[in-house]
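Please read the structure below before turning to the comments.
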Amino acid sequence: MNKILIIVPAYNEAESLHGVIQDLRSHVPQADILVVDDGSSDCTAAVARQSGVNLASLSFNLGIGGAMQTGFQYARTKGYDIAIQFDGDGQHLGAEIGILLDALRKGNADIVIGSRFLKRGDYRPSFFRRLGISIFSMVLSAIIGIPVTDTTSGFRAVNRQVIEYFARVYPEDYPEVESLVLLHRAGMTIAEAPVRMRDRTGGRSSITPIRSAYYMVKVLLAVFIDLLKK
């Protein structure tokens, strides 16, 4: 049986984190859970401790890139075969993890992305977020040669090869899109699977329309720089 780690990056997610952990335990009891507290100013770390899951507490807010690389380094050190990225805001559903695991275990992909757009669900992104996702999807699909509908999804499952790679190399800022470019350049295979998602169950998103525009420009620049590297 594969050894599975669920990595939950969390920044000020005390309001939703307990429910997220309960959801994961209910639907994926065979998996271990690691909460990476990304320098939260609320009681995110305390909620994780009270829930009895593994906890990595970062002294400073490093962003999603630093938090996820911490998780991948933990997964590599502890010998996990599969790692799953699962947000701490309640947007993802533990019941959908089996879909990613089934797709990954078929052996045709090194990473499986849970896509909100391959089947109809309740999730409705804002106009600016959907615009950014559409642009990223066009760019990334052209780069890797296959359609990718949800490049910014933070719901992903990866195999041991990707764990090893991401433990060494992982983008710092807004890493979801750029990490896929890096995997493609490293010769790894990317696939998507349809999943349902919902609006966050607590807290507040930091992505405003201005930040969305900044995010889009910065990520596209990072991607093009990666393509120019040998």
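Search region 145-162 for residues being hydrophobic (A, V, I, L, M, F, W, C), in a loop (DSSP other than H, G, I, E, B) and surrounded by 17 or more Cβ atoms within 10 Å (Cβ to Cβ), and hand back the single one that is modelled with the lowest pLDDT.
Per the stated criteria, the residue is V148.
Could you list, ordered by first residue, the pairs with Cβ atoms under 7 Å in which the first is in region 49-69 and touching a residue at least 40 places away in the same chain (Cβ under 8 Å) and the second is surrounded by fewer than 19 Cβ atoms within 10 Å (Cβ to Cβ) and acidic (D, E), at least 6 apart or interchain?
Sorted first by the residue in region 49-69, then by its partner, the pairs are G63/E172; G63/D173; G65/E172; G65/D173; G66/E172.
Residues of region 45-74 being farther than 23 Å from P29 by Cβ and of a type in the set (V, I, T), which ones?
Step one: of region 45-74, the residues farther than 23 Å from P29 by Cβ are 45-46, 57-70, 73.
The answer is I64, T70.
Of all residues in region 58-91, which are in contact with a Gly (Cβ under 8 Å, 6 or more places away or on another chain) and more than 21 Å from Q22 (Cβ to Cβ)?
Within region 58-91, L58, S59, F60, N61, L62, I64 meet the criteria.
Being modelled with pLDDT under 95, farther than 26 Å from G66 by Cβ and part of a loop (DSSP other than H, G, I, E, B), is that true of even one residue in region 107-114?
Yes, that holds for at least one residue.
So which of F72, F86 ends up being closer than 17 Å to P171 by Cα and either among the β-branched types (V, I, T) or surrounded by 15 or more Cβ atoms within 10 Å (Cβ to Cβ) (or both)?
On the way: F86 fails: closer than 17 Å to P171 by Cα.
Just a single option satisfies the conditions, and that option is F72.
Residue-wise test of (1) in contact (Cβ under 8 Å) with a residue 40 or more places away in the chain; (2) crowded, with 16+ Cβ neighbours inside 10 Å.
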| site | (1), (2) |
| --- | --- |
| I7 | yes, yes |
| L17 | yes, yes |
| V20 | yes, yes |
| H27 | yes, no |
| I33 | no, yes |
| D37 | no, yes |
| T44 | yes, yes |
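Could you identify the single residue in Y215, Y165 that is at pLDDT below 70 and either assigned to a helix (DSSP H, G or I) or among the polar types (S, T, N, Q) (or both)?
Among Y215, Y165, only Y215 is at pLDDT below 70 and either assigned to a helix (DSSP H, G or I) or among the polar types (S, T, N, Q) (or both).
Tell me which of these G98 doesn't satisfy, since it passes every other one: (1) of a type outside the set (S, T, N, Q); (2) surrounded by fewer than 18 Cβ atoms within 10 Å (Cβ to Cβ); (3) under 17 Å from I163 (Cβ atoms).
Every listed condition holds for G98 apart from (3).
Any idea which of S57, S41 is of a type outside the set (D, E, K, R), assigned to a strand (DSSP E or B) and more than 28 Å from D102 (Cα to Cα)?
Just a single option satisfies the conditions, and that option is S57.
Pairs needed: first member in region 80-97, on the phi > 0 side of the Ramachandran plot; second member anywhere, in a helix (DSSP H, G or I); C-beta distance under 9 Å; at least 6 residues apart or different chains.
G90/E15; G90/S16; G90/L17; G90/G19; G90/V20; G90/D23
Pick out the one residue from A186, A142 that is closer than 25 Å to D226 by Cα and either at pLDDT below 90 or surrounded by 21 or more Cβ atoms within 10 Å (Cβ to Cβ) (or both).
The unique qualifying residue is A142.
One residue is enough: does region 81-101 have a residue meeting the conditions at pLDDT 95 or above, farther than 20 Å from E13 by Cβ, not in a helix (DSSP H, G or I) and not charged (D, E, K, R)?
Yes, that holds for at least one residue.
Please indicate, with yes or no, whether at least one residue in region 53-68 is under 15 Å from the mean Cα position of the chain (by Cα) and of a type in the set (F, W, Y).
No, there is no match, as no residue in region 53-68 is under 15 Å from the mean Cα position of the chain (by Cα) and of a type in the set (F, W, Y).
The values are calculated or read from the model by the stated rules, or taken from the named source; none is laboratory data. Here the structure is a predicted model, which is why all the values come from computation and not from measurement. Every residue, glycine among them, receives a Cβ derived from its backbone with ideal geometry; neighbour counts consider all protein chains shown.
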